[in-house]
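First comes the structure, then the notes that go with it.
The values are calculated or read from the model by the stated rules, or taken from the named source; none is laboratory data. None of the values given here were measured: they were computed from a predicted structure. A quick note on method: Cβ atoms are made from the backbone with ideal geometry, for glycine too, and the neighbour counts reach across all protein chains shown. The accessibility values were calculated without ligands, DNA or RNA, using every heavy atom of the protein model including side chains. Shrake-Rupley method; radii C 1.70, N 1.55, O 1.52, S 1.80 Å.
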Amino acid sequence: MRNIMKILMVCLGNICRSPLAEGLLKHKFRNNKLDVQVDSCGFEYDHLGCQPDYRAIEIAAMNDIDITDKKARLFTPANFDIYDKILVMDNNNLRMVASKARTKDDLKKVDLIMNVVEPGSNKQVPDPYYGRRDHFVETFEMLDVATDKIVQLVKSKQWSANQDNN
């Protein structure tokens, strides 16, 4: 039995950035016939069980991606046991995920998503929630670039299930 690569996207509310990243990756993995599990979650109880923000749904739909079935869920330490990679959107998310880590191996799984594109840059994906529609477009464009790179890494086997994360 082969192991399936599992990737988790994390943002604050799990209604904007991480559902967009999840939707993009699922769409791209499906189009590339890659068997990879993708999910997303957040830290905010206020949105628990909610659909993504209507603007995120709209931007995704404009790009033939349906994220309407996504329901916001919370990050838990058990995610370290399930996922091979945990990609966060900003430094606040990074601190929150790191605070739940139980071991150094847990921490090795975590990185800012834009470090996939520009390693070590620590560039953040801004939260568009309190912004205008064009902020959601900018967020989508950043995540589109990052998810292209993730697909490339998985296809080239630079990322795989249960690999050493350094």
| remark: In the range 72-81, anything under 14 Å from the mean Cα position of the chain (by Cα) and open to solvent by 20 Å² or more (accessible area, probe 1.4 Å) is listed as ARG73, LEU74
| query | Considering the range 145-159 alone, what residues qualify as being assigned to a helix (DSSP H, G or I) and open to solvent by 50 Å² or more (accessible area, probe 1.4 Å)? | reply | VAL145, ASP148, LYS149, GLN152, LYS155
| task | Check CYS16 against each of (1) free of Cβ contacts under 8 Å to residues at least 40 places away in the same chain; (2) surrounded by 20 or more Cβ atoms within 10 Å (Cβ to Cβ) and name the one condition it does not meet. | result | (1)
| field | Evaluation of SER40 against (1) open to solvent by less than 20 Å² (accessible area, probe 1.4 Å); (2) in a loop (DSSP other than H, G, I, E, B); (3) of a type outside the set (Phe, Trp, Tyr) (one fails), failing number | value | (2)
| request: Provide a single number: the residues in the range 25-82 that are over 23 Å from ARG132 (Cα atoms) and among the aromatic types (Phe, Trp, Tyr). | output: 4
| task | Of the conditions (1) of a type in the set (A, V, I, L, M, F, W, C); (2) out of contact with any Cys (no Cβ under 8 Å at 6 or more places or on another chain); (3) open to solvent by less than 70 Å² (accessible area, probe 1.4 Å), LEU107 clears all except one; give me its number. | result | (3)
| Which is over 22 Å from SER160 (Cα atoms), modelled with pLDDT of 95 or more and part of a helix (DSSP H, G or I), of ARG30, ARG95? | ARG95
| message | I need every pair where a residue in the range 82-101 that is open to solvent by less than 50 Å² (accessible area, probe 1.4 Å) has its Cβ under 8 Å from the Cβ of a residue that is aromatic (Phe, Trp, Tyr) and modelled with pLDDT under 95, sequence separation at least 6 or different chains. | response | ASP84/TRP159; LYS85/TRP159
| query | How many of the residues making up the range 117-140 are open to solvent by 70 Å² or more (accessible area, probe 1.4 Å), without any contact (Cβ under 8 Å) to a residue 24 or more places away in the chain and within 24 Å of GLU44 (Cα to Cα)? | reply | 4
| message | Given the condition within 14 Å of the chain's Cα centre (by Cα) and small (Gly, Ala, Ser), answer yes or no: does some residue in the range 134-156 qualify? | response | yes
| query | Restricting the first residue to the range 57-79 and requiring it to be among the charged types (D, E, K, R), which pairs with a second residue that is in a loop (DSSP other than H, G, I, E, B) and exposed (fewer than 13 other Cβ atoms within 10 Å of the Cβ) meet a Cβ separation below 6 Å and a spacing of at least six or different chains? | reply | LYS71/GLY49
| request: Examine the range 43-63 for a residue that is basic (Lys, Arg), within 20 Å of LYS155 (Cβ to Cβ), surrounded by 13 or more Cβ atoms within 10 Å (Cβ to Cβ) and modelled with pLDDT of 95 or more, and state whether such a residue exists. | output: no
| said: Please verify whether LEU87 is of a type outside the set (Ser, Thr, Tyr), in a helix (DSSP H, G or I) and under 15 Å from the mean Cα position of the chain (by Cα), treating the condition exactly as stated. | reply: no
